[in-house]
Amino acid sequence: MNWGPIIAQLELILNADLSHEQIPLQEWNRRVESKAAEEASDEDADRLLNWNHTLYFVLNANSSYVETLKVEDVLLTHAEKQLVAMTLEAYRHSWKKSGTFAHLTGEEGRAAAIREWIDSQIEQGTVDCELPEMFQADTALYASKLPILLSAEYADLNQTSVSELKKLLESFFGEEVLLIPLQEKEWIILGTESLLYADEEEAQREDHRKGPAVEETLESIATGLHEMLASEWIGECHLAVAHPMVPAKSLLAAVIELRRALALGRTFRIGSNVHLPWKLQLEQLLDALDEAGQQKFVGQVFQKAEHLLDPEMLRTLEQFFELDCNVSETAKILYIHRNTLLYRLDRFKQETGLDVRTFNHAVLVKLALTLHKAMKRKTSRTDL
């Protein structure tokens, strides 16, 4: 639920500062029990708790935490406390029964409700919490799912209906999927975990549920899906995929992780349309540097020798790093003689003082090249 508008109105009416706070369920229960033991109270702990001279109005609760609206006790009269509690309850009831979610039992209504909940949680700064109790009857959300974030590229994209996209996805996967529209031209696809395994016996084996084999399969699924979508539906698009999770428990965290992976991939891995969180740890570290820090690092590594980074040299270095600094394999992939490759690497060493055939220098150049490409992409976007 998006509590922002009603909270803003209450602040104006009451002339008091109101704020959100999420309290772990165990801590909330401890406070309620402690309060009950201390003194008799006519307060309903399902709606309101007075703890250490602070009022906590219950907004939402699940099996992990209680979401509350917090205000200092001295700022409200007894009548105002009752008014706030009644207003929040009325807003909660109105939201659940609103026309937007009147068909919550239907697929489109459910998707709209989940999208609204995700938006409200992100707006509040929440990064990981369970779906609210209004979705508990949907058993499909409690089965392990494979999350894929799809982002379309073109602004003039014809608005394909959710049902048409869903049919296309189910044709590709050969089974039913859950599809939730998020922002404009953005969808979260939830396929069954069985897509990762050849048979049911393999799915039950713990050693097949994690590790490189599963990640290779995830990459293969996402790559095949991108090729299908690019050719048969939306043209240019980007996909991010993560490990299986249970939507009722981890959908919000999965959406945030996938959006982050897609943003990092589009910034640092130009030319790639499939973005995998476990392959973007380096990019995540580099992205934490501010722009001035990035420029300083690149300048220190290349020492004004950026004129060397023409397309030929860039492709040579990138392929060299991709093949674990193997000279013979790199020359073979580039269709050049081994000596030609060595000449290019020696020329780079003479100009920069960096020999990429050694580990320490290879690491420095790899980091600097990654930042160099990202900075050029940002510059080109600014110039448009």
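The values are calculated or read from the model by the stated rules, or taken from the named source; none is laboratory data. Because the structure is predicted, anything quoted here is derived from the model rather than measured. A quick note on method: Cβ atoms are made from the backbone with ideal geometry, for glycine too, and the neighbour counts reach across all protein chains shown. The area values use the complete protein model at the heavy-atom level, side chains included, leaving out ligands, DNA and RNA. Shrake-Rupley method; radii C 1.70, N 1.55, O 1.52, S 1.80 Å.
Computed extension length for Arg347-His307: 13.2 nm, one decimal, from 0.36 nm per residue of separation with the Cα-Cα distance subtracted.
For the pair Gln300 and Ala288, label points projected 7 Å from Cα toward Cβ lie 1.6 nm apart. Here r is the Cβ-Cβ distance between Glu216 and Met375 and R0 is 45 Å; the resulting FRET efficiency, rounded to 0.05, is 0.90.
Stretching Ser19 away from Glu80 to a fully extended chain increases their span by 20.3 nm, per 0.36 nm per residue minus the current alpha-carbon distance.
Take the Cβ atoms of Lys70 and Lys279, set R0 to 51 Å, and the FRET efficiency comes out at 0.80. Backbone amide hydrogens, once placed in the peptide plane, bring Thr54 within less than 5 Å of Asp73, excluding anything fewer than 5 places away on its chain. When all protein chains stay in place and ligands, DNA and RNA are ignored, the 1.4 Å accessible-area order of His20, His78, largest first, is His78, His20. Scoring 80-86, 274-280 by mean Cβ neighbours within 10 Å over their residues and listing the highest first yields 274-280, 80-86. Centroid-to-centroid, using Cα positions, the stretch 286-311 and the stretch 221-262 are 31 Å apart. Modelled this way, with points 7 Å down the Cα-to-C-beta line, the labels at Lys35 and Thr139 are 3.7 nm from one another.
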